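For reference, the structure discussed in these notes is given below.
The values are calculated or read from the model by the stated rules, or taken from the named source; none is laboratory data. Given the structure is predicted, the values throughout are model-derived calculations rather than measurements. Neighbour counts are summed over all protein chains in view; Cβ atoms, including those assigned to glycine, are modelled from backbone coordinates with ideal geometry. SASA here: full protein model, heavy atoms, side chains in, ligands and nucleic acids out. Shrake-Rupley method; radii C 1.70, N 1.55, O 1.52, S 1.80 Å.
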Amino acid sequence: MAPSGSRNIRGGCRRVLYWIPVLFICLIVAWSYYAYVLQLCIETVENLGEKIVYLLAYHVLFILFVWSYWQTIFTKPMNPLKEFHLSHSDKELLEREDRGESQQEILRRISKDLPIYTRTTSGAIRYCERCHLVKPDRCHHCSVCDKCILKMDHHCPWVNNCVGFSNYKFFTLFLAYSLLYCLFITATDLQYFVQFWTNGLPDTQAKFHIMFLFFASSMFSVSLASLFAYHCWLVCKNRSTLEVFRAPAFRHGTDKNGFSLGVSKNLRQVFGDEKKYWLLPVFSSQGDGCSFPTCLVNQDPEQPASPSGHAAAKSTEGETHPFPAKPLRESQSRLLSNGQTWTDSEGPEDKDRQGTSNPALTIEKET
């Protein structure tokens, strides 16, 4: 068989295997629905009012849980815009050059008009050789998806998808509603679980479903609570899982709080400005995933600001680009040696921006 055919077979097998964790979760959820609705509520609970309340509350949580899980799985991760991709001629030119200085000059020309503030730890432009693009801020290459993912947090096997800019809100809501789902089942099943051990339940198959339902929901509650608390902390700090392990590097050096704007604004980055959509698994995050407001200070922005950070950078007129405006503090504007700033327009027009270049660029190889 041809090598390409073997690769296609191996790729197909891997794609099937990647769905096994999702199938496992779906089977657990399907069984929990059967055990709770039929075996507990309908067969075991005798009080009609209690039965109605349990069923109504359960189905509300069940719908929100399944809806957010579906959105997390089937929302495609967003990739960098075409402005970040190298043209065919630039790609050939970059591949032909062996000297680092020549490659730096090519990347300098390409990236000078892009809204990029992060660098490698050595101060180089972040470039992906597999996708042939200059990486936007907070973008990383996923080895499983073999793509560059905007604001990548991690690749989650339980959803068989990359968690990033397009579905991070859905993933957070999935954790929240799955935790509430498990806690609700644990709380309402507790009295019948106690009756199981005191021989207070009829000797039917329902008693075994009730016992295993309590064990499963309580164990999942513990693991989900820790994971949900961790991602709540990430949202409040405006960091991703990858940025916790490796702080983003800017032109002045690494800064773990480089994208943090304070708890309130950080929440709006993920959930949006309209609070009526916060609890619904519909997309409402701010921005386009390619550029983000930054706060380049070496302290936690939730602490009192330094005296030098009282003024915002002045706006300038420049070439028009389809990227959103970036509010900068004075501490950040001092880092932009060529006077690079972002402007806020008062009308619906595109935002204006003046570009800059990095005098010491090299290629970052990240896969």
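Would you point out the residue of the stretch 70-95, among those that are of a type in the set (A, V, I, L, M, F, W, C) and more than 25 Å from the chain's Cα centre (by Cα), that is nearest to residue 175 (Cα to Cα)? Selected residue: 86.
On inspection, residue 50 does not qualify as open to solvent by 70 Å² or more (accessible area, probe 1.4 Å), in the same structural domain as residue 224 (by the TED database) and charged (D, E, K, R).
What's the number of the condition residue 125 fails, among (1) within 20 Å of residue 70 (Cα to Cα); (2) touching a helix residue (DSSP H, G or I) at 6+ places or on another chain (Cβ under 6 Å); (3) outside the structural domain of residue 39 (by the TED database)? Here residue 125 clears every test but (1). When every residue of the stretch 165-186 is checked against the conditions, at least one turns out to be open to solvent by 50 Å² or more (accessible area, probe 1.4 Å) and either farther than 21 Å from residue 19 by Cα or of a type in the set (D, E, K, R) (or both). Only one of the listed residues (291, 240, 306) is open to solvent by 20 Å² or more (accessible area, probe 1.4 Å) and either farther than 30 Å from residue 185 by Cβ or at pLDDT 95 or above (or both). That residue is 306. If we scan the stretch 100-117, do we find a residue that is under 19 Å from the mean Cα position of the chain (by Cα) and among the basic types (Lys, Arg)? No, there is no match, as no residue in the stretch 100-117 is under 19 Å from the mean Cα position of the chain (by Cα) and among the basic types (Lys, Arg).
If you take the residues of the stretch 182-227 that are closer than 21 Å to residue 172 by Cα and without any contact (Cβ under 8 Å) to a residue 24 or more places away in the chain, which of them is nearest to the chain's Cα centre (by Cα)? By that ranking, first place goes to 226.
Looking across the stretch 42-56, not a single residue is outside any helix (DSSP H, G or I) and modelled with pLDDT of 95 or more. Quick check, is residue 73 assigned by the TED database to the domain that holds residue 220 and either open to solvent by less than 70 Å² (accessible area, probe 1.4 Å) or charged (D, E, K, R) (or both)? Yes: the conditions hold for residue 73.
Applying the condition of being open to solvent by 70 Å² or more (accessible area, probe 1.4 Å) and among the aromatic types (Phe, Trp, Tyr) to the stretch 194-209 and asking which residue is farthest from residue 39 (Cα to Cα) yields 197.
Residues in the stretch 103-119 that are open to solvent by 20 Å² or more (accessible area, probe 1.4 Å) and either part of a loop (DSSP other than H, G, I, E, B) or not assigned by the TED database to the domain that holds residue 86 (or both): 112, 113.
Can you find even one residue in the stretch 136-149 that is open to solvent by 10 Å² or more (accessible area, probe 1.4 Å), farther than 19 Å from residue 81 by Cβ, among the hydrophobic types (A, V, I, L, M, F, W, C) and outside the structural domain of residue 236 (by the TED database)? Yes; the residues of the stretch 136-149 include at least one that is open to solvent by 10 Å² or more (accessible area, probe 1.4 Å), farther than 19 Å from residue 81 by Cβ, among the hydrophobic types (A, V, I, L, M, F, W, C) and outside the structural domain of residue 236 (by the TED database). For beta carbons closer than 9 Å, sequence separation of 6+ or different chains, a first residue in the stretch 230-251 that is within 17 Å of residue 123 (Cα to Cα) and of a type outside the set (A, V, I, L, M) and a second that is in a loop (DSSP other than H, G, I, E, B) and open to solvent by 40 Å² or more (accessible area, probe 1.4 Å), the qualifying pairs are 243/256; 246/121; 248/256; 250/335; 251/335; 251/337. For the stretch 258-279, which residues satisfy the criterion of being open to solvent by 20 Å² or more (accessible area, probe 1.4 Å) and in contact (Cβ under 8 Å) with a residue 40 or more places away in the chain? Of everything in the stretch 258-279, those that are open to solvent by 20 Å² or more (accessible area, probe 1.4 Å) and in contact (Cβ under 8 Å) with a residue 40 or more places away in the chain turn out to be 261, 271, 279. Go through the stretch 1-25 and give me each residue that's in contact with a helix residue (DSSP H, G or I) (Cβ under 9 Å, 6 or more places away or on another chain) and under 28 Å from residue 159 (Cβ atoms). If the condition is that a residue be in contact with a helix residue (DSSP H, G or I) (Cβ under 9 Å, 6 or more places away or on another chain) and under 28 Å from residue 159 (Cβ atoms), then 22, 25 are the ones that fit.
Only one of (1) assigned by the TED database to the domain that holds residue 171; (2) out of contact with any Cys (no Cβ under 8 Å at 6 or more places or on another chain) is not met by residue 284, so which one is it? Failing condition for residue 284: (1). When restricted to residues that are open to solvent by 70 Å² or more (accessible area, probe 1.4 Å) and aliphatic (A, V, I, L, M), the stretch 210-226 contains 2.
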